[in-house]
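Below you'll find the structure, written out as structure tokens, and then a few comments.
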Amino acid sequence: MAKKPLKPSIILVSDRTLSGKYNILFEGIFATMQTTHTPELAMKMLVSPKMKSDADGRAWQAALGLRRIEASLIHELDLSEDDIVCTTPERLGDLLGDHVKLVMVSSSDPLGMGMSNTTTTCFWDGQLYTKVWTDKMMQQIKQAKDKFGFMVLAGGAGAWQWAHDKQTAENQGIDIVYEGYFETDGPKLVRNILNGKSPEAHYICNVCGVDKVRPIKSASLMGIVELSRGCGKGCRFCTMAKHRMEHVDTDTILSDIEINVANGVHSTVVGSEDFFRYGGKGYKPNFAALCGLLGEMRKIKGLDFAQIDHGNISTILQFTNDELKEIRRLMSLTNKTEYLWVNMGIESANGKLVEANSSGKIVPFEADNWYEMVLDVADKMITCGFFPVFSIVLGLPGETVADIELTKKLMGELVQKRCVIFPIFYEPVIADEVLTDTRFDINRMTQRHLDLYIMCYEQNFKNVPPMYWDNQRAGGVSWAKRALILALGKTEVAAWRKNFKRLRGQLPQEQ
Ligand code: SF4
């Protein structure tokens, strides 16, 4: 007898860039940076392949944020696993119907306003796939909503964009924009919706709520787990600026990894805004707590590969080289990598400018020493077996010609080292500032900025391909696919250089 179709009351879904099948973190990051300049076929076949789903439409892996919501609602609202389903954009149509009360959508960059992504669109034709695919999915949801009458709640890392552009949110059928972590206020809000109440159209939760985090029930995208939430270092271009860092307990982290491995995801990303601060108090790291967690993680059978995302320069510099080497050793699992990368924000070579735009980035050190600190951290990380991935911000409020020149000088020293550097255009995330349009784009770019940009990208053209190859190998990607991506990368490099050539001479020397 054929199985009855599932009739969930809550559906969770994210746009295709956050629902693709990625083996390593860099694949996921690259997918969110692509514009329609990349043909959609190449995107769907190679860059962001379709995620598998089961006969009921459940996604094999789903964005960690959705998995957290799923676990929280099952626990807090006493729902069954058939009442709530994490699905993929491709399977939405199979699940939408008059049984649905609420569709919850997540996107990291729904309107293409994210800082790293707006930088890409300044150089390329077309629109970001995060925006195009989110819009496509929202139109499908809106059509079904008009027919079946459910509510739509939108959240995720890019929720601030919907909050800012209310017209687009309305056009996409969104009833509620939810900003912040879910566990503290979200369940009550959802209960009210299920009971037929109409909540406010914009909801902000400023609490990290780590004490309410529930272990995930099924696999998270790329095996990402959370070590900590928030950051609190006060950078004006970051949504985590004011959320004080709180750490997820070790048992939950290990349980999340075990669930992933049991579901066939054998690698993990230990996600945090500052991996090296796990277990610490304030800005002070806790070597014993971090090593304790990593030691337990290593015992999980079937976990083959572990990746880091972000670290903070001022945290890393509080460790000795021996401590960093021990952390590196603990992060080395069955599948070895020569490129265990850590993304660290430099922002500018001028520490005073960084300090003016970030209350805590350099603490407990002095802003006057920032230039040397960056060089120290590069050497320290390379010596201890890590691969530095730096980022700088162009157009920080208050930036002067002297600042750009100083950053060029610093980058000139960094490009002698084994690292990559991503320049990003300043994009405000604070509501008032978004309205005053302090964002930096190609119209504000000078020749100096472009020279700096090109210097960083030439370094990346050299070092990103071997890093990508190495990570994909460790993440279990086939040789054939790696070779294809490498070939695609070569055409991208040629296109970037052509773009740079076109822009050279067109930009003013001074603004
Ligand atoms: S240090 Fe990084 S995560 Fe923390 S507020 Fe600044 S940019 Fe955000």
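No lab work stands behind these numbers, since they all come straight from the coordinates. What you see is a predicted model, and the numbers here were worked out from it, not measured in a lab. Because the Cβ atoms are built from the backbone with ideal geometry, glycine has one as well, and the counts that use them run over all protein chains shown.
Tabulated values for the structure
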| item | result |
| --- | --- |
| Candidates per trypsin sites (Lys or Arg not before Pro) in the range 1-32, loop by DSSP, up to 13 other Cβ within 10 Å | LYS3 |
| Label-point separation, GLU405 to GLU492 (7 Å along Cα→Cβ), nm | 3.5 |
| Under Karplus coefficients 6.51, -1.76 and 1.60, residue-wise ³J(HN,Hα) of the range 25-32 in Hz, glycine/proline x | 4, 4, 4, x, 4, 5, 4, 6 |
| Translational D in µm²/s for the range 205-334 (Stokes-Einstein at 37 °C, 0.692 mPa s, Kirkwood Rh from C-alpha pairs) | 218 |
| Least to most buried among THR120, THR268 (fewest other Cβ within 10 Å first) | THR120, THR268 |
| Computed label-point distance, nm, for sites ALA480 and LYS147 using a 7 Å Cα→Cβ extension | 3.8 |
| At most 16 other Cβ within 10 Å, DSSP loop - GluC sites (Glu not before Pro), the range 336-419 | GLU338, GLU366 |
| Antiparallel DSSP beta bridges within the chain, as percent of all bridges there, nearest 5 | 15 |
| Greater than 22 Å apart at Cα, pairs in LYS7/LYS131; LYS50/LYS136; LYS131/LYS481; LYS131/LYS408; LYS284/LYS417 | LYS7/LYS131; LYS131/LYS481; LYS131/LYS408; LYS284/LYS417 |
| Compactness of the range 276-424 - radius of gyration and Dmax, Cα, Å | 16.1, 54 |
| Placed amide H near PHE182: partners under 5 Å, 5+ positions off or other chain | none |
| Fewest-first ranking of LEU375, LEU194, using other Cβ atoms within 10 Å as the exposure measure | LEU375, LEU194 |
| Neighbour-count order for THR184, THR35, fewest beta carbons within 10 angstrom listed first | THR184, THR35 |
| R0 of 22 Å, Cβ-Cβ distance ASP251-LYS21: FRET efficiency to nearest 0.05 | 0.15 |
| Extension gain from GLU338 to ASP125, taking 0.36 nm per residue of separation minus the Cα-Cα distance | 73.2 nm |
| Trypsin sites (Lys or Arg not before Pro) within the range 41-75, DSSP loop, no more than 16 other Cβ atoms inside 10 Å | LYS50, LYS52 |
| Rh (Kirkwood; distinct C-alpha pairs) - the chain, Å | 23.5 |
| Unmatched cysteines, the chain - criterion: no other Cβ of a Cys under 4.7 angstrom | CYS86, CYS122, CYS205, CYS208, CYS231, CYS291, CYS384, CYS419, CYS456 |
